[in-house]
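Enquirer: Okay, handing you the structure first.
The values are calculated or read from the model by the stated rules, or taken from the named source; none is laboratory data. Small disclaimer: the values here were computed from a predicted structure and weren't measured. FYI the Cβ positions are ideal-geometry reconstructions off the backbone, even for glycines, and counts take in every protein chain you see. We work out accessible area using only protein heavy atoms, side chains counted, and drop any ligands, DNA or RNA first. Shrake-Rupley method; radii C 1.70, N 1.55, O 1.52, S 1.80 Å.
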Number of protein chains: 2
Amino acid sequence: MEPGFVEECMSILTRMPATLNALLGDLPDACTAATEGPGTWSPFVVIGHLIHAEKADWIPRLAIILEYGTSRPFEPFDREAQLRESVGKSLPALLREFADSRLDSIARLRAMHLTPEKLELKGMHPGLGIVTTRQLMATWAAHDLGHLLQISRVMARRYKQEVGPWAAYLSVMK
Amino acid sequence: MEPGFVEECMSILTRMPATLNALLGDLPDACTAATEGPGTWSPFVVIGHLIHAEKADWIPRLAIILEYGTSRPFEPFDREAQLRESVGKSLPALLREFADSRLDSIARLRAMHLTPEKLELKGMHPGLGIVTTRQLMATWAAHDLGHLLQISRVMARRYKQEVGPWAAYLSVMK
């Protein structure tokens, strides 16, 4: 994936707020609150999760690797924090909060100057063991895209009954 | 999914060009030409497919239902037309072409005034048999979202090796 691995990851990270705004901004609540069934996440919940990850996952973990290496394991990540933190907020407010947090993250990331040497530095994940800065950067970009996939899927599957016989041609419905 | 079924479909259709622009505009070719292996589609190919569907699928089929009902089957849709039609074009050019085609489709759709009665009208699909206007509208919206899902997945999977042990936590990599 060289050259420009960090730049390419940053290009994906930078475009996600505008992408999510274009996709979800001013959509009816019926779309943004829809889930795939009990215990699954709506687009609204996903945005809250992305905000929490900006605060508690990516940049904090990069900072730990750069400062402590493997000697200090990352804090475990709370995958359900948004179920508390998003209470009472509107989706437009969450989208703005995500855009602001991401902008802040990108500024911090630039200030870290991730050279090829720094990309190979190792950290200690509480569940996965040893990971590298480079793997963390790739995961951050892939995580964004995975949740964009999830939001698309949740929104598409609302039409599962409505599409009638066309469901046979739409792999998203399977 | 009432009330506002048509409005909700149109809300999704209307936002797709801006979403795809935000996601893909000015991305490096390495991202937009990536596939999931031989015979699978890159984001570039997907945009060409969406353009062809604007020209040959959604509005033309709606027009056939409204004018001929089940007496005239739809033309079969060429799922590979974009492999010819996109040759020599740039992704920014395709994104502009898609945005223009979609804008035109939305104008034609509004002019059709899809009342509840028209939504129940039937047409003849060459492979699936009898379908309704309503099912076609739902399929159009779901088709957009399914291809957004596909683009997200193709882009995420480029990082499959790069994410290292995190692949275990990323369902998109499975």
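Enquirer: Looking only at segment A:66-74, decide whether some residue is small (Gly, Ala, Ser) and either within 14 Å of chain B (Cβ to nearest Cβ) or under 17 Å from the mean Cα position of the chain (by Cα) (or both).
Expert: no
Enquirer: Which members of segment A:148-174 meet the condition of being in contact with a Leu (Cβ under 6 Å, 6 or more places away or on another chain) and of a type outside the set (A, V, I, L, M)?
Expert: Scanning segment A:148-174 gives A:Ser152, A:Arg153, A:Pro165.
Enquirer: Anything in segment A:3-33 that is at the interface with chain B (Cβ under 10 Å from one of its Cβ atoms) and of a type in the set (Gly, Ala, Ser)? List them, or say none.
Expert: A:Gly4, A:Ser11, A:Ala18, A:Ala22, A:Gly25, A:Ala30
Enquirer: Can you tell me which of B:Ala142, B:Ala53, B:Ala93 is among the hydrophobic types (A, V, I, L, M, F, W, C) and over 26 Å from A:Lys160 (Cβ atoms)?
Expert: After ruling out the rest, the residue left standing is B:Ala93.
Enquirer: Please work out which one of (1) modelled with pLDDT of 95 or more; (2) within 15 Å of the chain's Cα centre (by Cα); (3) away from chain B (no Cβ under 14 Å) is the condition A:Gln82 fails and give its number.
Expert: (1)
Enquirer: Next question. Are there any helices (runs of 4 or more DSSP H) wholly within segment B:61-174 with 3 or more residues that are surrounded by 15 or more Cβ atoms within 10 Å (Cβ to Cβ), and if so which?
Expert: Fully inside segment B:61-174 and qualifying: B:81-85, B:91-112, B:133-157.
Enquirer: Next up: Looking only at segment B:26-55, which residues are open to solvent by 20 Å² or more (accessible area, probe 1.4 Å) and of a type outside the set (A, V, I, L, M, F, W, C)?
Expert: B:Asp26, B:Pro28, B:Asp29, B:Thr35, B:Glu36, B:Gly37, B:Pro38, B:Gly39, B:Thr40, B:His52, B:Lys55
Enquirer: Pick out the one residue from A:Gly37, A:Gly48 that is in a helix (DSSP H, G or I), more than 12 Å from chain B (Cβ to nearest Cβ) and of a type outside the set (D, E, K, R).
Expert: When all the criteria are applied, what remains is A:Gly48.
Enquirer: Only one of B:Gln161, B:Gln150 is free of Cβ contacts under 8 Å to residues at least 12 places away in the same chain and either within 14 Å of chain A (Cβ to nearest Cβ) or out of contact with any helix residue (DSSP H, G or I) (no Cβ under 9 Å at 6 or more places or on another chain) (or both); which?
Expert: From the options B:Gln161, B:Gln150, the qualifying one is B:Gln161.
Enquirer: Follow-up. Hey, among A:Leu128, A:Leu136, A:Leu170, which residue is more than 7 Å from chain B (Cβ to nearest Cβ) and either out of contact with any Asp or Glu (no Cβ under 7 Å at 6 or more places or on another chain) or on the phi < 0 side of the Ramachandran plot (or both)?
Expert: A:Leu136
Enquirer: Going residue by residue through segment B:103-111, is there one that turns out to be within 14 Å of another protein chain (Cβ to nearest Cβ) and touching a helix residue (DSSP H, G or I) at 6+ places or on another chain (Cβ under 6 Å)?
Expert: Scanning segment B:103-111 turns up no residue that is within 14 Å of another protein chain (Cβ to nearest Cβ) and touching a helix residue (DSSP H, G or I) at 6+ places or on another chain (Cβ under 6 Å).
Enquirer: I would also like to ask the following. Being within 12 Å of chain A (Cβ to nearest Cβ) and touching a Cys at 6+ places or on another chain (Cβ under 8 Å) is the requirement here; does B:Pro43 meet it?
Expert: yes
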